[in-house]
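The values are calculated or read from the model by the stated rules, or taken from the named source; none is laboratory data. Not measured: the values here are computed from a predicted model. All Cβ positions, glycine included, derive from the backbone under ideal geometry; neighbour counts span all protein chains shown. What goes into the accessible areas is simple: the full protein's heavy atoms, side chains included, and nothing from ligands, DNA or RNA. Shrake-Rupley method; radii C 1.70, N 1.55, O 1.52, S 1.80 Å.
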Amino acid sequence: MVQMVGVVIFTLGIPRTFDAIEEGHFDNTVIVIGYVIMRGAMLCQWVRAYRSDPEHRRAIATYMATLVVAQILWVATTSLEGMHLPLPAIFTLTTLVTCVELTGPLIAERGKGTPWHAHHIAERHGLLTIITIGEIVTGTVLTLEEILGDAERTIDWGSAILVALSGIAMAVGMWWSYFITPFGKVLHRFRSRSFGFGYAHFLVWPSLAAVVGGLHVVALSFEKTGSHVDHTVAALALAVPVGLYTVALYLAHYLTTRSRAGLHTFILLATLAVLAGAVLLSTQHVSLPVVLLVVTVVPWITVAAFGLYRGAAHEAMVLEGLYEHDRRQADGRRMARALYNPGNRLSDAAPSTYADAMANVETTITGGIAHVKLNRPDKLNGLTLPMLGELVAAAHHVRTNKAVRVVVVSGEGRSFCAGLDFGSVNKAPAKIIPAFIPRPWRGTNTFQEACWAWRRVPVPVVAAVHGHCYGGGLQIALGADYRYTTPDAEWSVLEGKWGLIPDMSGVQSLKELVGIDVAKKLTMTAEMVCGERAVELGLASEVSDDPLAAAMDLAHELTTKSPDQLAAAKRLFNRSWNTSARTTFRRERAEQALLLIAQNTAKARKVAMAKAGARAEARAAVKYSPRVLP
């Protein structure tokens, strides 16, 4: 109750302080009185904690000391006006006092610190964020009141509807984008990151409050007399804090998860472009409600990129450590180093496994060979929506790990993959549409990327096919660079059975591997062909009674080659297969120029120049560096 009394006094003092600043002097007396009352109540709570918790008294005493020192300094700021200091100097001094107050937790939590619940801390910050976002609705109402005006003015219903929709959509978008990252789980796993999380909110909350202020300025722009504000000024008053909120949100995300991605850069650049476009529209005398609607798009860029993306491909990587069991912490740390640090060299003796965060796709990296295994044998490795996301994430992991030299894709149990599990997918129809929407930064949707991502992996990808290879499973296999199959494996573009077409990148793969007549027949008839026939048609590369062993043999052979040469060869063929000869020649020259100066090329040349009798020994002794080329 005492704290609430302090809040009331503090709030009453805000107009007085700003009025004084507008008149050229500084008067923060009422604000300081209210704030000291608030913090005095907090000091009483710390005293109670000090008496009841002897184990943490040292940290609590530090909190109390910094709190008292800060309040003494705040009281001292009330006398700054009498010193006749210029306003910039006064603002600098008050900023220093603010820093003293904010550094209290940093000092107190050094060493043993105090106990706290991660999810509770995240919830408290989230609730205050929700309260601040709620004020956006209040700002929207004020803007609507200015548009609707009094009874004598003609009501612009079009503008009123646009403003109402934009204000509500902006509030919902900001709420949604904030809660995409599970801050509580991250803080529970990485408690030392609480400072970055907490201090970042000192940018999140003011920027949200500034959005509310921007809406107030927008409301003034609708006034016909008195305090009318230019539309461009109003647009800037709203666009700038919305942009700052986006930056603050990603700062909080980074300081908490320690994750950076190209997707974040794309979102921030898209935000800047949209906001710049909104301001530009305002300078061209476009209706302010339309400008407001454009600004509203900004938080939804994040929602579309992460919320509708289902987060499997990106967040599974970011939050990987959150799902590891304590019994596997050591292996989890080693796996994270291998996945995130391209410079790490993998050991043959201790394979790293990425499976905890992925229920149905297991990736094991041993000696530079990444074995990606579809692991849903009870359902013939049928594809679910989460499993598609896991495949995308697995491809991303091996693509960004430059120590990986070859990838082998196989299926657990008696099938490689029987295609899409319609029973599972139909249980979540609301998730199908988001998965079907293509991502603009890569040109594929989730269904397509689960198969096409293996084309993007800059190392050879070998598929080992046995049993059923239907529909989506066939398209995953076609995404590989080389495909081994058992003689009796069943291959089929099974979508035709259901009145559909192959829409998981299969058409693009088929046109590169088989003739158009064969592609049409397989697609239209959903004909099942055996492994030997698949090789004859061009669907598979080679028949083997044990395709996984054959794939591993090829993988081991490829690890004896220069990783830069493997990456260059795959990239050159993928990009030049259907281009003109002139374009292919240009790309050949470019790739070769880079290879000629690569360190791994010199090592490969040394092996090739060894005498025939010593060549096998030289090949075994050579230690290639992780690939330098992308």
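Take each peptide in 162-173, 277-288, count the other Cβ atoms within 10 Å of every residue, and average; sorted highest first, the result is 162-173, 277-288.
For the chain, the per residue solvent-accessible surface stands at 49 Å², with DNA, RNA and ligands left out and a 1.4 Å probe. Taking 18 Å as the cut-off, the amide N atoms of region 453-478 that come nearer than this to a point 7 Å along the Cα-to-beta-carbon line of ASN426 belong to 471-472. Pairs from the table (LYS402/LYS570; LYS402/LYS623; LYS379/LYS520; LYS373/LYS521) lying more than 23 angstrom apart at Cα are LYS379/LYS520; LYS373/LYS521.
Applying the criteria of a DSSP loop state and at most 16 other Cβ atoms within 10 Å to the chymotrypsin sites (Phe, Trp or Tyr not before Pro) of region 390-439 yields no site.
Surface composition of the chain: carbon plus sulfur atoms contribute 63% of the solvent-accessible area (1.4 Å probe, protein chains only, all chains present). From the Kirkwood radius over Cα pairs of region 402-486, Stokes-Einstein at 37 °C and 0.692 mPa s returns a whole-number translational diffusion coefficient of 234 µm²/s.
Since only THR17, LEU255, GLY423 are under comparison, the one whose Cα sits farthest along the positive direction of the charge dipole of the chain, derived from C-beta charges on Lys, Arg, Asp and Glu, is LEU255. By the helix-only formula, in which each DSSP H run with n ≥ 4 contributes -39500 (n - 2.57) and the sum is divided by residues, the chain has a 222 nm mean residue ellipticity of -20000 deg cm²/dmol. Each peptide in 475-488, 6-19 receives the mean, over its residues, of other Cβ atoms within 10 Å, and ordering these scores from highest gives 475-488, 6-19.
Put +1 on the Cβ of each Lys and Arg and -1 on the Cβ of each Asp and Glu in the chain; which of SER580, GLN508, MET64 then has its Cα farthest toward the positive end of the dipole? The residue sitting farthest along the positive end of the dipole is SER580. Pair-distance distribution P(r) for region 263-309, from all Cα-Cα distances in 10 Å bins starting at 0: 29, 46, 21, 4 percent. Taking the inverse of the mean 1/r over every pair of distinct Cα atoms in region 473-617 gives a Kirkwood hydrodynamic radius of 17.8 Å. Using R0 = 35 Å, the C-beta based FRET efficiency linking LEU142 and LEU269 works out to 0.65.
Other residues lying with their Cβ under 15 Å from the Cβ of VAL535 contribute a combined charge of -4, Lys and Arg counting +1, Asp and Glu -1. When Rg and the Kirkwood radius Rh are both evaluated on Cα atoms of the chain, their ratio Rg/Rh stands at 1.07. Among residues other than VAL457 with Cβ under 10 Å from its Cβ, the summed charge is +3 (Lys and Arg +1, Asp and Glu -1).
Each peptide in 240-249, 455-464, 131-140 gets a packing score, the mean of other Cβ atoms within 10 Å over its residues, and the list from highest to lowest is 455-464, 240-249, 131-140. Charge tally around VAL407: other residues with Cβ under 10 Å, Lys/Arg +1 each, Asp/Glu -1 each, net +1. Using alpha carbons only, the radius of gyration of region 504-558 set against its Kirkwood radius gives Rg/Rh = 1.05.
Available extension along the chain between LEU596 and LYS623 is 7.9 nm, counting 0.36 nm per residue and deducting the alpha carbon span.
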